[in-house]
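> Supplied in structure tokens, the structure appears directly below.
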Amino acid sequence: MIKKEETQSIFEEYNRDKITIATLGSHSALQILKGAKEEGFRSLAICKNEQKIIYERFKVADEIITINDYKDILTEENQQKLREKNCVLVPHGSLIAYVGVDNIEEKLRLPLLGNRGILRWESDRTMERQWLEDADIKLPKEFKDPHDIERLSIVKFPGARGGKNYFLVNDHESFKRKATEFVKRKKITEEDVENATIQEYISGVNMYLSYFYSPLKDEVELFCIDKRYESNIDGLTRIPANDQKEVYEDPRFEASYVVVGNFPIVARESLLTQVFEMGDRIVESSKKIAPPGIVGAFCLETMINDDLEFIAFEISARIVAGTNPFTNGSPYSYLLYGENMGMGRRIARELKNALDQDEVAKIIT
Ligand code: AMP
Ligand code: AMP
């Protein structure tokens, strides 16, 4: 793991009047770059050629560097270039998905806004569960052995295939029947079946709770809440159940939960007690498992059942793209900051405050 002393000494060499907030061009880059400019920093996008147009058209990047592959951010030449431009990098989902936690930990010698050491805790399912359990967050039951399935469960295939071919089962018999059929139809492989996550199906609705923990204020802010627009499941639910059966009988059909966008949500107000308590516990626990713990944005991905219980199925230890509907602020960030405070800007504001208070070491690794 690259030591925080190393990246902090890189930062020490930077020209403080010319700090640049940089991020990979994808995911939540638009609001990160916009927020950087709003807080008086320079902004830089590192993009693949085909994505350059996004950042050019919105004019949010003072500078755009194009690369062929996201992993090219790791070349010594590119890292050197970014250091020369006084770049501080904001990690997000695409950095994790395409550069990877191993590389972020071992090869990315740039100051990160956030805690480098906590990213693995969101990427490794066992560690993630351990963290959430330590924070006393309710989790769906998991069945390691399909013989143990004793209630309605969702069978998930994690990784690059992004939410494709999930299916629901009630017991071992229905697991076997559906898995065999899916393998026969070549939707999934035997190996997928062996590595599947079998999780209690939570009957309810989902809410993705985005928080910001400020180490400077030592306070967890509730920033915004979203839910996902997922193809093709969200289309499928708009046809009557009888017709859904027809769809499932088409051998070419694949049920999927592939994210294509996000909707804003405002929670029933009395639910916010639980929301704050969970956020506080996650931050407390993060300080134990991966010091200095969460720094800045994080997101708890939950289902809420009709007993008004939150059951989490994932955590992200950095900005999520579900903050994008709130580039100009959410109802919650409005309460704290007035207008125009998106998560990207909040991240830049923390850096600005840290520079003013000479506390950058608290937020950079
Ligand atoms: P992308 O760079 O768009 O391929 O996104 C990288 C990863 O971030 C994807 O695998 C998604 O899981 C996640 N992601 C991207 N955009 C969104 C979004 N709007 N909402 C939720 N997750 C997203
Ligand atoms: P994931 O790939 O884990 O992000 O899940 C994709 C979608 O599947 C989520 O947005 C939820 O709508 C749904 N989902 C995942 N896990 C569960 C669960 N345990 N119970 C009910 N729905 C779930």
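The values are calculated or read from the model by the stated rules, or taken from the named source; none is laboratory data. If you're wondering where the values come from, they're calculated on a predicted model, not measured in any experiment. Note: ideal-geometry Cβ built from the backbone for every residue, glycine included; neighbour counts use all protein chains shown. Calculation scope for accessible area: heavy atoms of the full protein, side chains included, ligands and nucleic acids excluded. Shrake-Rupley method; radii C 1.70, N 1.55, O 1.52, S 1.80 Å.
> When the helices in the chain are scored as -39500 (n - 2.57) per DSSP H run of 4 or longer and the sum is shared across all residues, what 222 nm value do you end up with, to the nearest 500 deg cm²/dmol? Working shown, then result.
Working: 14 runs with 128 residues, N = 365.
Using -39500 (n - 2.57) per qualifying helix, the result is -10000 deg cm²/dmol.
> For the chain, which longest stretch is free of loop sites, where a loop site is one of the trypsin sites (Lys or Arg not before Pro) that DSSP puts outside H, G, I, E and B and that has at most 13 other Cβ atoms within 10 Å? Before the final figure, lay out the partial values.
Working: sites that count: Lys3, Lys59, Lys144, Arg151, Arg161, Arg185, Lys186, Lys217, Arg238, Arg252, Arg268.
Longest stretch, sites excluded: 269-365.
> Taking the DSSP beta bridges in the chain as the whole, what percent of them are antiparallel, to the nearest 5? Intermediate results must be reported in sequence, preceding the final value.
Details: 40 of 54 bridges.
Percent antiparallel among DSSP bridges in the chain is about 75.
> Which is farthest toward the positive dipole end of the stretch 60-219 among Val90, Leu209, Phe182, measuring Cα position about the Cα centre, with Cβ charges +1 (Lys, Arg) and -1 (Asp, Glu)?
Checked the options; the winner is Phe182.
> Still on this structure: Could you give the alpha-carbon Rg of the stretch 279-365 over 2.2 N^0.38 Å, rounded to two decimals?
Values: Rg = 14.8 Å, N = 87, 2.2 N^0.38 = 12.0 Å.
Computed over Cα atoms of the stretch 279-365, the ratio equals 1.23.
> When all protein chains stay in place, what accessible area (Å², nearest 10, 1.4 Å probe) is found for His27?
For His27, solvent-accessible area is about 60 Å².
> Might you work out the accessible area of Ile149 for me, using a 1.4 Å probe with all protein chains in place, and round it to the nearest 10 Å²?
Roughly 10 Å² of Ile149 is accessible to a 1.4 Å probe.
> In terms of solvent-accessible area of protein heavy atoms at a 1.4 angstrom probe, what is the ranking of Thr126, Thr23, Thr75, highest value first?
On the way: Thr126 105, Thr23 0, Thr75 60 Å².
Listed by decreasing accessible area, they come as Thr126, Thr75, Thr23.
> Based on Cα positions only, what radius of gyration and what Dmax would you give for the chain, in angstroms?
According to the Cα coordinates of the chain, Rg and Dmax are 21.3, 65 Å.
> Using Cα springs under 10 Å in a Gaussian network model of the chain, which residue among Asp226, Asp124, Asp218 shows the largest mean-square fluctuation?
The residue with the greatest mean-square fluctuation here is Asp218.
> Something else now. Against the longest alpha carbon principal axis of the chain, how many degrees, from 0 to 90 and to the nearest 10, is the axis of helix 4-13 turned?
40 degrees
> Next up: May I ask you to list the chymotrypsin sites (Phe, Trp or Tyr not before Pro) in the stretch 202-285 that are in a DSSP loop and have at most 16 other Cβ atoms within 10 Å of their Cβ?
Numbers: sites: Tyr208, Tyr211, Phe212, Tyr213, Phe223, Tyr229, Tyr248, Phe253, Tyr257, Phe276; in loops: Phe253.
Sites meeting the loop and neighbour criteria: Phe253.
> What net charge do the residues around Ser9 carry, taking every other residue with its C-beta under 12 Å from that of Ser9, with Lys and Arg at +1 and Asp and Glu at -1? Please report the intermediate quantities before stating the final value.
On the way: positive: Lys3, Lys4, Arg83, Arg109; negative: Glu5, Glu6, Glu12, Glu13.
Cβ neighbours under 12 Å give a net charge of 0.
> Can you compute the charge dipole magnitude of the stretch 155-294 about its Cα centre, using +1 on each Lys and Arg Cβ and -1 on each Asp and Glu Cβ, nothing else charged? Give it in debye, rounded to the nearest 20. It would help to have the intermediate numbers written out before the result.
Working: 20 positive and 23 negative charges, 73 e Å.
It comes to approximately 340 debye.
> Grab the beta carbon distance between Asp145 and Ser270, set R0 = 35 Å, and tell me the FRET efficiency rounded to 0.05.
Numbers: r = 39 Å, r/R0 = 1.12.
My answer for the efficiency is 0.35.
> Still on this structure, please answer the following. For the stretch 308-365, with every protein chain kept in place, what is the accessible area per residue (1.4 Å probe, Å²)? Don't skip to the answer; put the middle values down first.
On the way: 2260 Å² over 58 residues.
Spelled out: the 1.4 Å probe surface of the stretch 308-365, per residue, equals 39 Å².
> Using Cα atoms only, what is the angle between the long axis of helix 125-134 and the major principal axis of the chain, expressed in degrees (0 to 90) to the nearest 10?
With both axes taken from Cα atoms, the answer is about 80 degrees.
> Counting heavy atoms of the protein chains only and a 1.4 Å probe, report the per residue accessible area for the stretch 55-199 as a whole number of Å². Before the final figure, lay out each step's value.
Numbers: 7350 Å² over 145 residues.
Value for the stretch 55-199: 51 Å² per residue.
> Over all distinct Cα pairs, what is the inverse of the mean 1/r for the stretch 99-223, reported as the Kirkwood hydrodynamic radius in Å?
17.3 Å is the Kirkwood radius here.
> To the nearest 0.05, what FRET efficiency results for Tyr334 and Ile53 with a Förster distance of 22 Å applied to their C-beta separation? Working shown, then result.
Working: r = 31 Å, r/R0 = 1.43.
Computed FRET efficiency for Tyr334 and Ile53: 0.10.
> Let me ask something else. Got a sec? What order do Thr7, Thr180 fall in by accessible area at 1.4 Å, biggest, i.e. largest, first?
On the way: Thr7 0, Thr180 85 Å².
These residues rank, largest area first, as Thr180, Thr7.
> For Glu219, list long-range residues whose amide hydrogen, built 1.01 Å from N in the peptide plane, is under 5 Å from its own amide hydrogen.
Ser214
> A further question on this structure: Quick check: with the 1.4 Å probe, what order do Met1, Met341 take by accessible area, largest first? Each step should come with its number before you reach the end.
Values: Met1 100, Met341 5 Å².
Ranked from most to least accessible, the order is Met1, Met341.
> Only four residue types carry charge here, +1 at the Cβ of Lys and Arg and -1 at the Cβ of Asp and Glu. Report the dipole size of the chain about the Cα centre in Debye, rounded to the nearest 20. Could the numbers behind the result be given before it?
Numbers: 51 positive and 62 negative charges, 195 e Å.
Using Cβ point charges on Lys, Arg, Asp and Glu, the chain gives about 940 debye.
> May I pose another question? May I ask for the net charge around Arg116, where only other residues with Cβ less than 13 Å from the Cβ of Arg116 are counted and Lys, Arg are +1 while Asp, Glu are -1? Please report the intermediate quantities before stating the final value.
Working: positive: Lys3, Lys4, Lys107, Arg109, Arg120, Arg318; negative: Glu5, Glu6, Asp102, Glu105, Glu106, Glu122.
Summing Lys/Arg as +1 and Asp/Glu as -1 gives 0.
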